[in-house]
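As C-alpha cells, the structure follows; a few thoughts come after it.
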Amino acid sequence: MVNYVWLGMMVFGILVAAAQGHIEVVTKAALDGAQVAVKTSLSLIAIITFWLGIMKLAEAAGLVRALARLVRPVTGFLFPSVPKDHPAMGAIVMNLSANILGLGNAATPMGLIAMQELQKLNKHRPDTASEAMCTFLALNTGCITIIPTTIIGIRVLYGSQDPTEIVGTTIFATLCGMTVAILVDRILRSLYRNRW
C-alpha cells in the first residue's frame, strides 16, 4: 500500500510540474535528491561502522553475555518460552542494544539472527510466528532509544546548532512507543492464546 502512496505522489508531482511547464524541475530535484542521499549515506557509514565495531568488541569481550544476565529478569518476563541461555537471547539483547543506541538499520542483522534462533524453538507451528517472535517484533519496532546516534549524526552533518537537543523528546517518545508495544503484545497474546 505504501508503494502506491509513493507512486501516486511522484506521478502527481510530475503531472503538476508538466502542467505548469516546469518539467525540468522534476529532473533537477531527482538528481539533487540522489546526490544528497548518497552524501548522507556515506557520512552515516562512519557512525554506524563505529558503533557496530563497539558492539562487536563488546560481544567478543563477553559484555553481551553479562548484559544478557543483567537483563535476564526482564527478558525472562518478556520471553518466557525462550531458555535463558539460548543463543536467541544474546541476539535479542544485541538487537535491542543497537536500537537503544539509535543505530536503526545496524540492528537488522542481529534481529534476523534472533528471528532465526526463535524459529528453531518454534517446532510445533513452523508456518506461524510464535509468541516470542511476536514479542520480539513488537520490541524491535517500538524499542526505547536513549542515544539517537543516527539522528544526531544527521543533525551534525547538516550543521545543527544543538544536535543533541532531541535526546529528551526521543527518549520520551520511544518509551511511550515501547510501553504501548509491550501492552498490546500482552493483550493480543492473551486473546489469541484463549482462541487456540
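Of the accessible area of region 76-196, computed with a 1.4 Å probe over protein heavy atoms only, carbon and sulfur atoms account for 67 percent. Largest first, the extents of the alpha carbon coordinates of region 6-70 on the three principal axes equal 63, 22, 11 Å. Here's the list of lysines a cross-link from Lys84 could span, going by alpha-carbon distance under 28 Å and ignoring same-chain residues fewer than 8 apart: Lys56, Lys120, Lys123. Measuring between their Cα centroids, region 131-155 and region 1-53 lie 24 Å from each other. In terms of overall dimensions, region 62-194 has a Cα radius of gyration and Dmax of 16.1, 55 angstrom. Extension gain for Ala66 to Ile23 (0.36 nm times residue separation, less C-alpha to C-alpha distance): 9.6 nm. Here region 54-87 and region 157-196 have alpha carbon centers that stand 21 Å from each other.
Sparse packing (at most 10 other Cβ atoms within 10 Å of the Cβ) combined with a DSSP loop state is found for none of the chymotrypsin sites (Phe, Trp or Tyr not before Pro) in region 24-123.
The modelled label-to-label distance for the pair Val180/Gln116, using points 7 Å beyond Cα in the direction of Cβ, is 3.3 nm.
I want to verify a result. In a Gaussian network model of the chain, Cα cutoff 10 Å, which of these has the top mean-square fluctuation: His86, His22, His124? In the Gaussian network model the winner is His22.
Taken per residue, the accessible surface of region 62-194 reaches 57 Å², heavy atoms only and a 1.4 Å probe. Relative contact order for the chain: 18 percent, from Cα pairs under 8 Å spaced at least 6 residues apart, divided by residue count.
The values are calculated or read from the model by the stated rules, or taken from the named source; none is laboratory data. If you're wondering where the values come from, they're calculated on a predicted model, not measured in any experiment. Note that each Cβ is placed from the backbone with ideal geometry, even for glycine, and that neighbours are counted across all protein chains shown. Just so you know, the surface numbers come from the protein's heavy atoms only, side chains and all, with ligands and any DNA or RNA stripped out. Shrake-Rupley method; radii C 1.70, N 1.55, O 1.52, S 1.80 Å.
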